[in-house]
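The values are calculated or read from the model by the stated rules, or taken from the named source; none is laboratory data. On a predicted model such as this, the values are computed, not experimentally measured, just so you know. In this analysis, Cβ positions are derived from the backbone assuming ideal geometry, glycine residues included, and neighbour counts consider all displayed protein chains.
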Amino acid sequence: MTEGKFIVVEGIDGCGKSTLIEKLKTHFPDAVFLREPTNGKIGMTIRKKLASEDVLDADEMLSLFILDREEDCELHVFPAINSGKNVIMDRYYYSNAAYQGAMGLDHNKIIAENINRGFAVPDLVLYLNISAEKALERIRLRAISSEQYEKLSFLEAVDSIYKKISDDKFCFLDGNLSPDEVLQQALERIGDIL
Ligand code: TYD
């Protein structure tokens with residue numbers, strides 16, 4: 001059986017990732033859609049921490065995200081790919097490097113650690129490219145979230161690390177375009193690998 005493809009969607013908070021993923025769901029009804037942090041126990045612990053007022057510890061967050069990913073790969077990603085299904089994942093280890101990197105850890109070491117653990121390697125990474133200013137403007141318009149990461153200097157640091165770690169699987173989509181135009185760009189890129 002041919003293996004399914006593994007597609008990851010990445011970007012800073014407010015980049016339009018969730019809108020794109022909702023649209024992809026209607027285009028790829030047979031694909032398996034996953035997200036990190038996951039909906040599992042560790043993922044829920046992570047979400048609680050992100051929403052709390054407590055100061056986050058970078059090393060602790062790194063460990064939690066890796067544990068969450070380990071379980072996700074074992075229970076969901078590998079079984080889906082091995083059974084020939086395509087997987088579309090909302091955030092993956094590039095988020096780990098960019099966000100925990102912006103919290104002060106070494107982003108190259110984070111990528112290396114994820115790869116050494118044998119986690120699934122994506123076939124395509126769609127990066128929604130948008131300035132931190134514009135992303136924050138959108139977050140404020142939504143006015144629903146007060147997660148700790150949503151500060152201009154932090155999002156700028158995250159964006160700059162994403163650009164440093166972008167490898168040959170990365171494809172940059174213009175996040176300033178309309179949702180349908182972003183979708184069209186994404187569909188073209190996905191079409192290239194399917
Ligand atoms: P979420 O509510 O899913 O936000 P979004 O819709 O922007 O994806 O929260 C995910 C947050 O977790 C997001 O701000 C990025 C962060 N994150 C990390 O810091 N490290 C990681 O390894 C992952 C997967 C996510």
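General remarks:
- Checking I21 against (1) β-branched (V, I, T); (2) crowded, with 17+ Cβ neighbours inside 10 Å; (3) at pLDDT below 95, the condition it does not meet: (3)
- Residue check, K109 among the charged types (D, E, K, R) and in a helix (DSSP H, G or I): yes
- Flag for Y127 being assigned to a strand (DSSP E or B), among the hydroxyl-bearing types (S, T, Y) and within 14 Å of the ligand (Cβ to nearest atom): yes
- The lone exception for G118 - which of (1) of a type outside the set (D, E); (2) in a loop (DSSP other than H, G, I, E, B); (3) within 17 Å of the chain's Cα centre (by Cα) it fails: (3)
- Annotation: of all residues in segment 155-179 being of a type outside the set (A, V, I, L, M, F, W, C) and assigned to a helix (DSSP H, G or I), the one that is nearest to E137 (Cα to Cα) is E156.
- Against the criterion of being away from the ligand (no atom under 11 Å from the Cβ), among the aromatic types (F, W, Y) and closer than 26 Å to L20 by Cβ, F65 does not qualify.
- Considering residues of segment 68-90 that are buried (at least 22 other Cβ atoms within 10 Å of the Cβ) and not in a helix (DSSP H, G or I) only, the residue nearest to the ligand (Cβ to nearest atom): M89
- Residue pairs meeting the criteria (Cβ under 6 Å; at least 6 apart or on separate chains; first closer than 25 Å to E70 by Cα and near the ligand (Cβ under 9 Å from one of its atoms), in segment 16-37; second in a loop (DSSP other than H, G, I, E, B) and at pLDDT 95 or above): K17/G11; E36/R91
- Residue check, G104 more than 10 Å from the ligand (Cβ to nearest atom), assigned to a loop (DSSP other than H, G, I, E, B) and over 28 Å from R138 (Cα atoms): no
- Matching residues in segment 25-44 - criterion: being out of contact with any strand residue (DSSP E or B) (no Cβ under 6 Å at 6 or more places or on another chain) and surrounded by 14 or more Cβ atoms within 10 Å (Cβ to Cβ): F28, E36, P37, T38, G40, I42, G43
- Any hit, segment 137-152, residues being of a type in the set (D, E) and more than 24 Å from L62 (Cα to Cα): yes
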